[in-house]
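Asks: One structure, pasted below without further comment.
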Amino acid sequence: MRKVLWEPAAGQLVAFLAANTQAVPVDLYKITLQNGTVLHYTNAEQDIWYNDATYSPGPGLVRSKTRFTAGIAVDTMEIQLFADSSIRVGSMGIIAAIAFGLFDGADVQVAHAFFDGFQAWQMQGVVLAFAGRVGQTSTQRGQANIEVRSYSELFDIMVPGDLYQPGCKNTLYDAYCGVSRSSAAAAGSVTGGITAANNYFVSSVPVGAGASRYMLGTLTFTSGGNAGIARTIKRAVAAGGTVAFEFISPFPYPLAVGDAFTAQLGCDKTRAACAGVFGNDARFRGEPLIPAPETVT
């Protein structure tokens, strides 16, 4: 048996399962989205109160059997979610929210709660069944398929970590890069030009040293329907004296004039950007004189 997370009294669940052959198990799903929203669902037919949270029936949830292997292999769980437009995340139906990527990278914990169905529906204990992050998702009308990958996935990194390459090996704003995230950020708001595709708008951010510096950066909303949601900046151009932003993928909720955000400068990993945009040439970790593969004969 996996570790017991909670029992009314020490050893109660073990004793109960040993003495009863007809325990009533239900699943508890805790899903933490990257924007901080926490969702609590259960496959029971009534609300379950556990760990200071109410787990509601909400969407229909069917999970696969968990698969565990020895070593550091990535264990997986498949969850099928069934819902109509009445089950919502913010102002959006949950199936649409999954399709728009709101569940990408979300933290998922699935626990088994055991009840004595013959004694006033008393909870005897809860056992963690699976924990991990959302991997691939797919949606169709009224249904979503969600892959959950165990935290062993975090060990899936390239070894050796450093390769000879023209571009910088640092990740922008990490400890190796050393650029302060706050010093390379600009606060602004939406002023107009919103497209029907929800992936472009004109902002209040002044052009300053150049709009193109924001390309490949990220923009995170701090207010409005998309608060806490970030998107990668595909293109940033001057629109009068301010910056207009276009994004690789649209924001899930409608944009509105006045929505506030923080925009981070981007980096194309070249020495020119490192020195010219950030003044950080001393930390550049690329080999720019290595020719691109398509030029080698």
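The values are calculated or read from the model by the stated rules, or taken from the named source; none is laboratory data. What you see is a predicted model; the values in this text were computed from it and never measured. In this analysis, Cβ positions are derived from the backbone assuming ideal geometry, glycine residues included, and neighbour counts consider all displayed protein chains.
Asks: Just checking, how many residues over the range 252-266 are at pLDDT below 95 and either within 18 Å of residue 235 (Cβ to Cβ) or surrounded by fewer than 20 Cβ atoms within 10 Å (Cβ to Cβ) (or both)? Talk me through it step by step, then tell me what you get.
Replies: The first filter runs over the range 252-266 and keeps only residues at pLDDT below 95, leaving 252-254.
Checking the rest, the ones that are also either within 18 Å of residue 235 (Cβ to Cβ) or surrounded by fewer than 20 Cβ atoms within 10 Å (Cβ to Cβ) (or both) come to 254.
Of the residues in the range 252-266, 1 are at pLDDT below 95 and either within 18 Å of residue 235 (Cβ to Cβ) or surrounded by fewer than 20 Cβ atoms within 10 Å (Cβ to Cβ) (or both).
Asks: Tally time: how many residues in the range 243-297 are on the phi > 0 side of the Ramachandran plot and in contact (Cβ under 8 Å) with a residue 40 or more places away in the chain? Break it down into steps so the answer makes sense when it comes.
Replies: Looking only at the range 243-297, we keep the residues that are on the phi > 0 side of the Ramachandran plot, and these are 258, 269, 279.
Keeping just the survivors that are in contact (Cβ under 8 Å) with a residue 40 or more places away in the chain gives 258, 269.
Within the range 243-297, residues that are on the phi > 0 side of the Ramachandran plot and in contact (Cβ under 8 Å) with a residue 40 or more places away in the chain number 2.
Asks: Consider only pairs whose beta carbons are under 6 Å apart and that are at least six residues apart or on different chains; among these, list those whose first residue lies in the range 227-242 and is in the same structural domain as residue 90 (by TED's automatic domain parsing) and within 18 Å of residue 253 (Cβ to Cβ) and whose second residue is at pLDDT below 95 and surrounded by 14 or more Cβ atoms within 10 Å (Cβ to Cβ).
Replies: none
Asks: Which of (1) in contact (Cβ under 8 Å) with a residue 24 or more places away in the chain; (2) under 30 Å from residue 273 (Cα atoms); (3) of a type outside the set (S, T, N, Q); (4) not in a loop (DSSP other than H, G, I, E, B) is the odd one out, the single condition residue 146 does not satisfy?
Replies: The failed condition is (2).
Asks: Okay, next question. Could you list, ordered by first residue, the pairs with Cβ atoms under 8 Å in which the first is in the range 88-103 and outside the structural domain of residue 132 (by TED's automatic domain parsing) and the second is at pLDDT below 90, at least 6 apart or interchain?
Replies: Listed by first residue and then by second, the contacts come to nothing, as the list is empty.
Asks: Return the residues of the range 25-48 that are in a loop (DSSP other than H, G, I, E, B) and either assigned by TED's automatic domain parsing to the domain that holds residue 231 or buried (at least 20 other Cβ atoms within 10 Å of the Cβ) (or both); say none if nothing qualifies.
Replies: 33
Asks: Continuing with the same structure: Of the residues in the range 232-245, how many are surrounded by fewer than 20 Cβ atoms within 10 Å (Cβ to Cβ) and touching a Leu at 6+ places or on another chain (Cβ under 9 Å)?
Replies: Qualifying residue count, the range 232-245: 2.
Asks: Next up: In the range 152-192, what residues are assigned to a loop (DSSP other than H, G, I, E, B) and surrounded by 13 or more Cβ atoms within 10 Å (Cβ to Cβ)?
Replies: Initially, the range 152-192 is screened for residues assigned to a loop (DSSP other than H, G, I, E, B), giving 156-181.
Of everything in the range 152-192, those that are assigned to a loop (DSSP other than H, G, I, E, B) and surrounded by 13 or more Cβ atoms within 10 Å (Cβ to Cβ) turn out to be 165, 166, 167, 168, 169, 170, 172, 173, 177, 179, 181.
Asks: Show the residue pairs meeting these rules: Cβ distance below 7 Å; 6+ apart or different chains; first residue within the range 10-24 and assigned by TED's automatic domain parsing to the domain that holds residue 128; second residue at pLDDT below 75.
Replies: 13/4; 13/7; 24/117
Asks: For the range 184-237: of the residues being farther than 10 Å from residue 266 by Cα and of a type in the set (Phe, Trp, Tyr), which is farthest from the chain's Cα centre (by Cα)?
Replies: 201
Asks: Please indicate, with yes or no, whether at least one residue in the range 122-132 is touching a residue at least 12 places away in the same chain (Cβ under 8 Å), over 26 Å from residue 45 (Cβ atoms), touching a Pro at 6+ places or on another chain (Cβ under 9 Å) and among the polar types (S, T, N, Q).
Replies: no
Asks: Could you count how many residues in the range 203-217 are buried (at least 20 other Cβ atoms within 10 Å of the Cβ), without any contact (Cβ under 8 Å) to a residue 60 or more places away in the chain and part of a strand (DSSP E or B)?
Replies: 1
Asks: So which residues in the range 267-277 are out of contact with any Cys (no Cβ under 8 Å at 6 or more places or on another chain) and either among the charged types (D, E, K, R) or surrounded by 21 or more Cβ atoms within 10 Å (Cβ to Cβ) (or both)? Walk me through it before giving the result.
Replies: Kept after step one, since they are out of contact with any Cys (no Cβ under 8 Å at 6 or more places or on another chain), are these residues of the range 267-277: 268, 272, 275-276.
Result: 268, single match.
Asks: Within the range 70-122, count every residue that is touching an Asp or Glu at 6+ places or on another chain (Cβ under 8 Å) and at pLDDT below 85.
Replies: 2
Asks: Looking only at the range 84-99, filter to residues that are part of a strand (DSSP E or B) and of a type in the set (A, V, I, L, M); which one of those is surrounded by the most Cβ atoms within 10 Å (Cβ to Cβ)?
Replies: Step one: of the range 84-99, the residues part of a strand (DSSP E or B) are 88-89, 92-93.
Checking the rest, the ones that are also of a type in the set (A, V, I, L, M) come to 89, 92.
Values: 89: 21, 92: 18.
The extreme case among them is 89.
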